[in-house]
Amino acid sequence: IRYYVERRDPEFERKMIEVLHVYKEVEIVNAGLLEGTLKEPAVVTISYDEKPGIQALAPTAPDRPPKPNKFASHLRDYEYKRLGTVSFLAGLDLHTGRVTEIVSDHHASVDFIALLGKLDEAYPPQTRIRLLLDNHSAHISKETQGWLNLHPQRFEFVFTPKHGSWLNIVETMFSKMARSMLRGIRVATKQELIDRIHLYFAEINADPVIFHWKYKTDEISIV
């Protein structure tokens with residue numbers, strides 16, 4: 001059986017075009033920043049999402065490194081011990097490539113609000129912060145709306161359509177993280193996993209890379 005996703009959002013096309021408009025605006029703004037015709041964006045765009053259920057796995061036996069004429073590859077016991085899971089929340093700045101992250105035991109409204117608070121502290125008060133994000137309940141909850149009401153005109157949300165998470169460019173960063181950092185990771189404690197995630201993004205932010213979205217942006221009008 002091969003699975004596919006039915007587009008059940010009746011406004012899929014409209015929402016997709018809105019997201020693509022945002023990417024086109026970011027492209028124009030970034031060109032102005034690069035050329036020096038623009039000092040800083042009036043609206044900073046953040047691609048945001050959560051990665052729940054990251055497992056902290058501990059080895060049950062020491063790994064065996066490769067040895068000439070003995071072990072041709074790095075050997076690891078199939079057995080492991082589960083130490084629990086963590087949720088990762090991250091906002092990717094589409095102008096600088098910097099990442100604002102939080103690691104928590106869950107990804108409820110309180111965690112999303114904490115991430116919004118970090119973003120609020122990271123940018124000048126006159127800058128409007130625009131988030132590209134999915135339709136998770138925490139993004140529109142009563143608690144989140146209450147916090148946003150205390151920060152009027154500060155945040156703007158642009159939602160991807162249902163079953164349209166592939167439109168959110170931060171998913172590319174999550175995929176890279178899964179393949180390069182989380183794949184095969186073993187830790188002694190759950191806290192070690194948390195520390196290593198923070199270290200990973202500290203290293204990324206020390207030399208950030210700007211992500212570019214190209215798919216279909218040339219087929220739409222920015223008017």
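The values are calculated or read from the model by the stated rules, or taken from the named source; none is laboratory data. None of the values given here were measured: they were computed from a predicted structure. Cβ: placed from backbone, ideal geometry, glycine included. Neighbour counts: every protein chain shown. Note: accessible area is taken over every heavy atom of the protein model, side chains too, but ligands, DNA and RNA are not part of it. Shrake-Rupley method; radii C 1.70, N 1.55, O 1.52, S 1.80 Å.
Just a few scattered comments:
- Members of segment 111-152 found to be of a type in the set (Val, Ile, Thr), surrounded by fewer than 18 Cβ atoms within 10 Å (Cβ to Cβ) and closer than 17 Å to residue 98 by Cα, listed by number: 127
- Among the residues making up segment 182-198, those that are part of a helix (DSSP H, G or I), under 22 Å from residue 63 (Cα atoms) and of a type outside the set (S, T, N, Q) are 182, 190, 192, 193, 194, 195, 196, 197.
- Exactly one residue out of 183, 196 is within 13 Å of residue 103 (Cβ to Cβ), without any contact (Cβ under 8 Å) to a residue 40 or more places away in the chain, of a type in the set (D, E, K, R) and open to solvent by 80 Å² or more (accessible area, probe 1.4 Å): that is 196.
- Filter result (in contact (Cβ under 8 Å) with a residue 24 or more places away in the chain, assigned to a loop (DSSP other than H, G, I, E, B) and surrounded by fewer than 16 Cβ atoms within 10 Å (Cβ to Cβ)) within segment 4-43: 5, 6, 7, 8, 11, 40, 42
- Within segment 199-213, restricting attention to residues that are β-branched (Val, Ile, Thr) and assigned to a loop (DSSP other than H, G, I, E, B), the residue that is least open to solvent (accessible area, probe 1.4 Å) is 210.
- Criterion violated by residue 108 - all others in (1) within 23 Å of residue 162 (Cβ to Cβ); (2) open to solvent by less than 40 Å² (accessible area, probe 1.4 Å); (3) of a type in the set (A, V, I, L, M) satisfied: (2)
- Subset of segment 161-217 that is of a type in the set (Gly, Ala, Ser) and under 19 Å from residue 22 (Cα atoms) - its residue that is nearest to the chain's Cα centre (by Cα): 165
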